[in-house]
Structure formats: C-alpha cells, structure tokens
1. I'd like the accessible area for B:MET1: 1.4 Å probe, protein heavy atoms, all chains in place, Å² to the nearest 10.
2. If R₀ is 22 angstrom, what is the calculated FRET efficiency for the pair C:ILE12 and B:TYR272, using the beta carbon separation as r and rounding to 0.05?
3. Decide, for the stretch B:361-415, between rounded, prolate and oblate: order the square roots of the alpha carbon gyration tensor eigenvalues as a ≥ b ≥ c, take rounded if a/c falls under 1.5, and otherwise choose prolate if a/b is larger than b/c, else oblate.
4. Between B:TYR509 and C:PHE193, how high is the FRET efficiency from 1/(1 + (r/R0)^6) when r is the Cβ-Cβ distance and R₀ = 56 Å? Nearest 0.05.
5. Say each of B:ASP97 and C:THR175 gets a label point 7 Å from the Cα, pointing the same way as Cα to Cβ; how far apart are those two points in nm?
6. How much accessible area is lost when chains C and B come together, counting both sides, with a 1.4 Å probe, in Å² rounded to the nearest 100?
7. Please calculate the 1.4 Å probe accessible area of C:LYS61, with all protein chains present, and give it to the nearest 10 Å².
8. Once the Cβ-Cβ distance between B:LYS359 and A:ILE52 is put in as r, and R0 is 45 Å, what FRET efficiency do you end up with, to the nearest 0.05?
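The values are calculated or read from the model by the stated rules, or taken from the named source; none is laboratory data. What you see is a predicted model; the values in this text were computed from it and never measured. In this analysis, Cβ positions are derived from the backbone assuming ideal geometry, glycine residues included, and neighbour counts consider all displayed protein chains. Just the protein is used for accessible areas: all its heavy atoms, side chains included, with ligands, DNA and RNA removed. Shrake-Rupley method; radii C 1.70, N 1.55, O 1.52, S 1.80 Å.
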Amino acid sequence: MDPLLTFIVILIGFYGLATSTNIIKSVFCVTIIESGVILLFLNMGNLDGGRIPVDIIPDTLIADPLPQALMITTIVIGSTVTSLSLMLCIKVFHHFGSVEWVDVLGMERGR
Amino acid sequence: MAFFSVLLIIIPVFTALVIYLYKHSAVKYLTFIAQLAMTILAVLYYREFSDQWASTLIVFGDWDLRIGISLINDEISMSFIFLTLFSFWMVLIYTFDTRQSNRTFLFFLMFLQGVFLGLLQTYDLFNMFVFLELTTILVTILIAFKKSGDSFRAAVYYILLNASGVLVFLIGVIIMYNVFGTINVGVIGEAIDSVGEATSVRFAYVLMMAGIAVKSALFPVFSWLPKAHGVAQSAISALLSGLIVKGGLYMFIRINQMFSGANLESGEFFFYVGAATAVVGVLFAVSQKDIKQILAYHTVSQIGIVMMGLSSPDFDTFYGGLLHIFNHALFKSLLFLGAGVIIKAYRTKYVSDMRGVFKTMPAVSIFMIVGMLSITGAPLFNGFISKTIIKYSIEDSTLKSWILFGVNIGTATSFIKMSQIFFGPRRMTLRLYAPFDRIALMGFAFACVILGNFYIPISDGFFGVELSYISVFNFDAFFDYFVALAIGFLIYYFIIKKDYRPIRMIREYKPSFQSANFVFIMFVVVMSVYFVLIP
Amino acid sequence: MILKSSSSRIVISVIKHIVLIGMLGFLFYVFFGAYENLEALYNTFGKDYFSRYAEAETGSKNLVTSILLDYRLFDSLFEAGILLIAVSGVIWISRHEIEEKNAQFMIDKFKTPDLFVTFSRLVYPLMLAFGFYVIINGHLSPGGGFQGGAIVATAILILYYIDAEKDTNINLIVTVEKYIYIAILLLATASYFTRGAFFTNVFPLESSADAKSIYLVVLNVLIGFKVALGLWAIFTAFLKEGR
C-alpha cells in the first residue's frame, strides 16, 4: 500500500509543476517529485517488511540494501540540482526583477 | 586491453581537475595532450576488439554481472566514441585562442567529455541515470556560462524540465529492479521475454521512454532545446546540438534493445512521434529570424528524421537513422560554429541584417555552404546518404513518404532564407584574425564531404553494412533535390518573405513552463494508453 | 490577439485543471495496475545475494556501505563528482562580472535571537562529534561518508548563526575539495594494481574483515570531508549572494 501513497506524492509534484507560476515554486515541485521517488524506492525495497540491513542475523528477513544505497546517490544529486537552480533563480531575479515565469519568459531582448 | 574503456572516462575527468588546480596559462596545452592520448587509446581499443565485442565487457570489482557495475562496447557505442572525440577536438581547437578558453571553461568541457563517454559505455540502468543527471547539470552550467539574462533564463528552464524528466526515468528503474532483481541492461534484456507482457514492465518502459523523450527533445517536450541552444555561446551550441542531445537518442537505442524481447511494437508509435517532431521543428524554423534560433529549431526537426529511422524494427531503416545521427552531428556543428564566426564579425544575430558575407569572409562562406548543402540533403554530401536510406525504406507508405518530402521542402525553404546572407556587397567588419576557428570549420566540412562520397567503404568497414544500393549519380536523386529546392524557393519568395501574420504568430509563440509540463504529463498518459492499456 | 474576458479565462483555467487532475488520476490507475502485477513478479535475487555474501565479501557490517563503497563504487565516485561540479558551477554563476540591472543586496535586518545563539554554541561541538562518529563508523552502523559529511556541514553552518560576520576563504575550500576528490579517485583505482579489478577494495578478497575495514574507513573519511567541504562552499556562495 505504501508505494501507492508515495506515487501520489510524485503526482502532486507534477500537478505543481504544471500549475505553479513562480520559478521558486517550480524548483520546490521538482524537490517534491524527488522526495516522492526516494520514498517510492525505499518502500519498493521493503515490500515484505524486514529489518534494517546492518549487522544482520543469518536467515532473517532484511530490507533490500540496494535501493537504499541508490537513494543516497539520488539525494546528493537532488541537492545539487536544487542548489544550482536556486542560484540561477537569484540571477534571474537580478536580471529581470521578478521570479514569475510570465515576466521572465515574456521579456525578449532586442527586437 | 579491456581496461582502456575505463581510461577513456578517467583521463578527461582527471585532466579537468588538474586544469582547475594548476593555475598557469600553459595548462591548456594539457587538454590537447589528453585528447591525443584518448584518441590513440580509442583507436588501439577499436583495432583490438573490432571483431569480438563480447570480450569488451568489464565488471568493476570482478563481482557477479548482476551485482556490479559494468561497461561494454559495441559498434554503435564505439562509433559514438569516435564522434565524441572528433567533436571535442574541433571545439577545443575552435575555442583555442579566444577569451573563452579560460580554465573554468576547459574544466567543465573536459569533465563533460568524460561523463559523456561514460554514458556511452555503461551497462547499468542506475549508472545511466547518474551520468544523465551529470550531463544535465554540466550542460546547465555551460548554457549559463555567458552570464546574460537570456542564458540564465534558458538554463533554469532547461534544468527544471530535464531534472523532472530524468526522475521519471528513475521510477522506471525501480520497477525493473523489483521485477528482475538486477539493473544490468544485458541480464534484463535476456530475461525480459518471459515477462514482457506484464503491466509493470510495460509501464516501466513508458516511464523510461518519457524521460528519454525529454532528454532528446521529442515532439511535445522539445521546447527547452531552442531556448537553450539558441542562447549559449556558439562553440557550446555546436557541442550541445551536435553531440550532447544525441545522448538521449543513444539511450533510446539502448533501452529499445533491452526491451526488444518484450514485443512492445513501439516502431509505429515512435515513427509518428518522430514525424511530428520533424514537421513542428521545420514549421518553427522557417518562421524564425535569429540565425541561431533557426539552427536550433532545425536540430529539433532533424532529431525527428533520426527518430523516423531509429524507431523501425527493420535494420536498414534503423541504420539510416543511426547514420543520420552522425551526419547531423557533423553538419550542425559546422553550421553553428560558422554562425558564431559571422555573428562575431557582424555583431548581430538577425539574418536580415547580415548581407555580403561571401565577399567579406569567403572561406567561412564556403564551409557554411557545405553545411547547408548537407543539411538539405544534396547529393555528394553526407545528409543525402542517410535521408535516402530512410526514404527508400518507407517507400511503401505514401503518407510517410509525403511527410519526409514535406520536411525536406521546409528545410530547403529555411536554408534558402539563410543563404540570403551571402549575397550583397562587401561589408567592412571587424578584422578578427582567428585561424583556429577556420581549422575547426574545415575539419567538419571535410568530414561532411568525405562521408558523402566514401560512404560505401566507411559503412562496410565500421558496421559491415552494404550501402552500394545508394547511388549518388542518379537522375532521380538530383531531380528530387532540385524539385524540393524549387518549391522551397517559391515558398520563401511568396510566403516567408512577406512575413504574413500566421508566420509572425508562430515566431512569437512562446510555450510557458507550465504548458511544457502539461504536455509532458499528456505525453506520458498517451504512451500509457498506447503501451499499457490497449494490449 | 483577441482580448478574452476574465470569466472565459477562468473557465479555461478550470477546464485545464480538471483535465490535469484527470490525467494524473489515470496515471495513478495505471501505476495501481502495475503495482498489483509487481507483487506477483517480485524478484528477490539482489536482496538474497546481499544478505548472504555482502558481509563476507566486503568486510562491512552495514550492507548499504558495502554497496556504496564496493559493489557500486563507480556510482559513488560520480556522485561525489556531481557535487564537485555543482560547487564549481554555483560559484562560477554567483561571481559578479557584468553589471546586473536589478541587483539588490539584502542586509541582515533581523538579528539572530540570543537564545538561538547560545543554544547553537551548545549544540555545535555535539553535532561535529556526531558527524565524525557517523563517518568513522559507517561500515559498522547506519551512516557513512555522505551522511556524516552532511551532518558535519550542518554543524559548520551553525557557526554562521553564532558569528554572522564570519568570513570564509571560499577558494581554499574548493581547492582542498578538489585535492580530496583526486585522492578518492586514486584510492578507488588503486585496486587495479593490487587485485586486478577496478573500483573495489584495495585488499584482496580473502583478507580479513579488519584489513578490509581500513580501506572502508579511509574512503569514508575522504568522502565525508569532500561532502562537508562541498556543502560548505555552496552555502558560502549563497550567503555571499545575500550580503
């Protein structure tokens, strides 16, 4: 059941991406999708409910360590994407005076 | 010898770090040394393994294939590696004596090369994700490198759209892991025919393809490409349009190979996606006035033509698409670099303000004309070969042939428009003596001509594909080309030049970020209906 | 363009939202089908392999660390690389070279509350110690270089609450970070000369768990420092932008 709930988190992120008019909100929507994906991985790695994969006792059920290891990578990647896009937001604000998509994309330099 | 594939990834990364740390102007010669070393390694590697690709498999740590990460090469990845090395050679030469070639730029460029070579060779789904995300971040930084308002805007648009696309790819990966217990591409490919009918496998295919579609700018989700490739510096635009966007198409080939046992019958669907990409790209391209925007929209349309070939399960058509990837990389890089030289001299981006380029810069103009003849598919130039292969293989269907012909007419129209820059009197421009960009242009132009004339031995030697059924000195080929050119000229003279309102409306249409995501969700829904619900 | 009245615009936006929610609901339905299907197909090959062999093969009691630092070390290398790239990218983008139209610089108007400063002083050494604990014991207990590095970075960031005027030499941080990354790359490739295979433990497969854990601790410490320095550099770049 848990994977279904986490999939809803991902869908909420996409709903936000398709409706939010502000760049910073869009950045947070990508973060929400990323959190949803992380939760989905962790839940999918533990469908039959086991112990943490540390110091295991033989012949007991454990949670799958691979999705957990992969998610550490994804968290680091996600944090870099967030930091880079927030820095770009600051720069966009300095150049256009706004972080609304309409103001930013509507302005065209030159002709 | 098998470990050369690792060196091809490690050497550029290491060089990048040394460039960043060692603060001396002579350090930029180091890039050429590294590049030379990598070229020699790649040639030796190819000579060693050219007839036994299975032994290029290298599993890190000597673990079980299903557990560890592995690298593998075959004809396709090897040809991509040579293309990568050639493109980076030319871009490094092009930027050699300009202000651009400072240390930070070379650092990002060399790191990007290492990452891209890793993406080409990896045999593991999650490793693919890591490399895809790394290319996304590096490309974002390179787009924003100019630090103008336009480039920041394009970069933030690019990173948000692509990051969410790649995360969708990742959802597909976890489903595959739960079904197969491994994320090795080869192992999944062997095991997939037993469960190919399962809903979860089909949904994973949909999600992965959606992520790849964003990365390779297919029809509904291409809106980031013209923004990003239009505003970056010319050398970077050439690299992005010529090479990096092909990373997405390469992933498309690999994932489709992996799912080939599942009988998904994706050929027809992706053919029409490709056709829509080609038509829409051309429509936007003919309406633009900015020279780099024209070229960027043509990248979209040429990707569509590539997809029309690659989607086919039939090998000949697939091969036409594959060849068009290489041809497009060569002539589009040539055009972008040439446009960069002209923009620098004329200090304007608008086609209507550039006149008399031929008299001002004859050498650059000749190279540009080679590029234009190639992209419009003139016989004796490389674009002709791959377009003809695709044309022959879809001859049975009238609709498909007409789509391809229409795209050719559109391409001809917009390059007739662009060729107006050559006419007119000589213009006094800033005299920039820059021999190195001429060398880079010459390299790409020679590659275009050589591939257009000696395609039979090259194709036979590299892929073992017999192409002698394509003949250049063929009346039909010349006739078709000139008909397309003539119609293109008429359309240009009577419709485009008048700048009617619909054309202005197409030019001024700017898809917002929300609608780009809206169509992305719609694309995923359409794909799930086609691949999951209907069967 | 035809000027649309505000009411018709509202109708269009409502229709758009309904279509969007419908599409997302459809995707949920498809995922539901895939999920039910998945429970029947669930393949535990990877899980079984790790629970049976991982501890003996890599010498790490924490299986997540065994994957990060041994089975999939290649991923971790580029994971550290992605942070390195982001640090250089953020610093490059934040550097002011051309004049910007709307450049406004905010001044710290709000003084940090005294209670918060005192509490930060109390917590700072504890957090630092906890971070190092997590890094060093990454192969025995939950944790590792990446997690511990993030904790250490957070502890360093608390310093800015204590002393808002604190000045950091960002170039030094970035240079040290690059050297550490080179050390990680060299350590990871060293196994080719001792074991004949890239990106795995330096010590041979049959050596004892103690010997293997030396390698794990060294690599965890290097990665921990690299992550801490990288996050610190990113935060400093943002802070300079705000001043």
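1. 80
2. Rounded to the nearest 0.05, the efficiency is 0.20.
3. oblate
4. E(calc), rounded to 0.05, equals 0.40.
5. 3.2
6. Summing both chains' loss of accessible area gives about 5500 Å².
7. Roughly 80 Å² of C:LYS61 is accessible to a 1.4 Å probe.
8. For B:LYS359 and A:ILE52, the calculated efficiency is 0.05.
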